[in-house]
Every structure is written in C-alpha cells, then in structure tokens.
Amino acid sequence: MTVLDVIPLAAADLGRWEPAWRGLEARLPDEAPFLCFDWLAAWARVYAPRRLAVVRAGDALGLLELGAGRRWRFAGRPVTSTRGLLGAGEDEWAAFGGWLRAHARRWSTLDAEGIPPGALAGAATEPSETPVLALPGSFDEYLAGHSRYRRILRRLAREGAVLGEAEDASAALADFVRLHQARAAAKGERHPQVDERLARMLGELRAAPSFELRVLELARGGRRLGVWIGLERGSTAWYYNLGIDPDALALAPGIALQLESIRAAIDGGRRVIDLGPGADPYKLELGGVVDDRVDAKAVSPSGRGHAVDGLDRLERAARAVARRVRDR
C-alpha cells in the first residue's frame, strides 16, 4: 500500500526537502526538469507563493501551491508546462486521488498540467498534446530529409547571421523577454507571464545541478535577432520558449533556432527533444510525434468545491467575453 502525506510548509522551509528531492531525481534522470528541486525552488524564490505543501506518495514527490478559497495547484504556474508528481506511476497517482477523496473538505479545486491521461481519476481534462522528436546520430543525418532547412541555414550564412550558445547569457535572457513581447504584440497577443521575473528565475537556474539550462541566440552585426531557451537532462532536451525579432521574419529565426537546438542536443548525446505543449505545424514538420498528455482540474465533492468551481467557471466565461470584445 502506498503511504501518502500532504505536508504544509512555508516557502522559506522548502530547503528542508532538498535532500529527499535530489535523491529521487538521481534515480530518475529522464524526468522533466520542471518537477525537479532546482526549478521549483527558483520558482518559489521569484514568485513568492504564500502557502505551499509537499505531497509524498510512496517515493513520489510533488509541490502544491495553496491558494485562496482552498484552490490547490501543482506548483510552477504560470511559467511551467509540466506540473505534477515527480516519480509517480499509476499506484502513486491512485493513492493521491484516494487521499483527495478522503479529505474533501481540505481543498476545493486542484489543477495539474502535462500529466498522463487518467492520472488524476475523476478530474476534468483537456488535451496537452506535446510533440516529441526522436534524434538521429548526427545533425547531417537529420538534415538529409529536410532540404528546406538546409536552405534556411545557407541563407543565414550568406546574410552573416550566426547561431550558437549565448556568450552573455544574462543579456540574452533580457533580450528573450523583449523579443518575445515584441513578437506577441506584432501578432496582437499578450503574454504577461514572459517578463523580468521569468528572466530572473531562468538566470538563477544557469548553475542548477539537476539539469543544464541552454540559451541559444541568433545574431547579426552585434544584434540579437532571436533567443531560444531550453533545458537538458538525462537523454532528453526540453524546448522551453523563445523570442524572435518580428522585423527579421524573412530569415526564419524561430526555425533556425530550433535547428540549432537540435544540433546542440545531438552533439550533447541527447536522444529525444520534448518540443513542449501544442501540436503546432512547425513542430510536426520538424519531425515531432505527439505524446498525449493532459491538463487536469479536479473538484472536491464538498459544497465548497462545487461553489468555488462555479465561481471559477463564471470568471473564465467573463474573461472569454472580454477577449472577444477586445479583439473585435
């Protein structure tokens, strides 16, 4: 039988769990870096959640943010696309679900992102389709079936644009935010989660022992045209986000940076790239194959749970109406 505890703690006390978390990570070298201690601790330092709790399900561990109205969520929002339990299989998820049912008055809603389908029994789910790219033995082998990508790289060389690791990672992270926001504005979108706080959090993770933070750049004439952010751990590389200059789209900076990330991952001995949630056409063109995952929201069977869920639904509907009015 899987033993399960949910243990409240202040953000300042998260360090007490570091040895247990790192011990588990060491046994699971290919688990997502977003579930590792370094990522969660940096998020807690920068975003300063008021109340947290550790979930211990057998050997599995997870971090919860405890919000107003007993709204619980796996930690990392709004800058983490994989939020769940580290090292959990079916038994651990089932034990957590049983604990939630047995303690229905302690929580009202709970959300998670990028978890296996069926992990949170009874939860409402939405697809979080995530393309995953299996890597060949060499970058030339990858390019052999992609003549268009060869043309993009040749054009960059003719234009004097250079791809590679950012020499000044701090400046590149600041440019990542600036370029991402500029591209979003050019598309008529708002991405408020990509801000100075995110750049600061990523900067803190440059020396993280549990994974490697990659900051790649595309530059020409001393000017950055794009910045790509990713993480590498075990046999897998994870694409996180990028920012590109909307005035440089003729050079295909986004695809160019993805190609450089593939080259770097192959050279680093990685076997797989997780391209992140969203089965976008460019990810599928790169060769990604969708790995089905879900975002989940569970509602407590208590009266409070139904009331809070109802309020959340009304709020989401109001935001949707506001967006439609704004976009007219």
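Summary of values
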read-out	value
Cβ pairs under 9 Å, 6+ apart, first in segment 251-274 and on the phi > 0 side of the Ramachandran plot, second of a type outside the set (Phe, Trp, Tyr) and at pLDDT 95 or above	252/152; 252/155; 252/156; 269/235
Residue satisfying condition, being out of contact with any Asp or Glu (no Cβ under 8 Å at 6 or more places or on another chain) and either under 21 Å from residue 7 (Cβ atoms) or exposed (fewer than 15 other Cβ atoms within 10 Å of the Cβ) (or both), within set 112, 102, 123	102
Pick from segment 109-163, criterion at positive phi and part of a loop (DSSP other than H, G, I, E, B), ranking: modelled with the lowest pLDDT	122
In segment 220-259, residue nearest to the chain's Cα centre (by Cα) [restricted to those that are under 14 Å from residue 160 (Cα atoms) and of a type outside the set (A, V, I, L, M)]	253
Lone unmet requirement of (1) touching a Pro at 6+ places or on another chain (Cβ under 6 Å); (2) part of a strand (DSSP E or B) for residue 182	(2)
Those residues of segment 234-257 which are of a type in the set (D, E, K, R) and buried (at least 21 other Cβ atoms within 10 Å of the Cβ), in sequence order	245
Residue in segment 51-67 that is out of contact with any strand residue (DSSP E or B) (no Cβ under 6 Å at 6 or more places or on another chain), farther than 21 Å from residue 117 by Cβ and β-branched (Val, Ile, Thr) present	no
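The values are calculated or read from the model by the stated rules, or taken from the named source; none is laboratory data. Computed from a predicted model, the values in this text were never measured in an experiment. Every residue, glycine among them, receives a Cβ derived from its backbone with ideal geometry; neighbour counts consider all protein chains shown.
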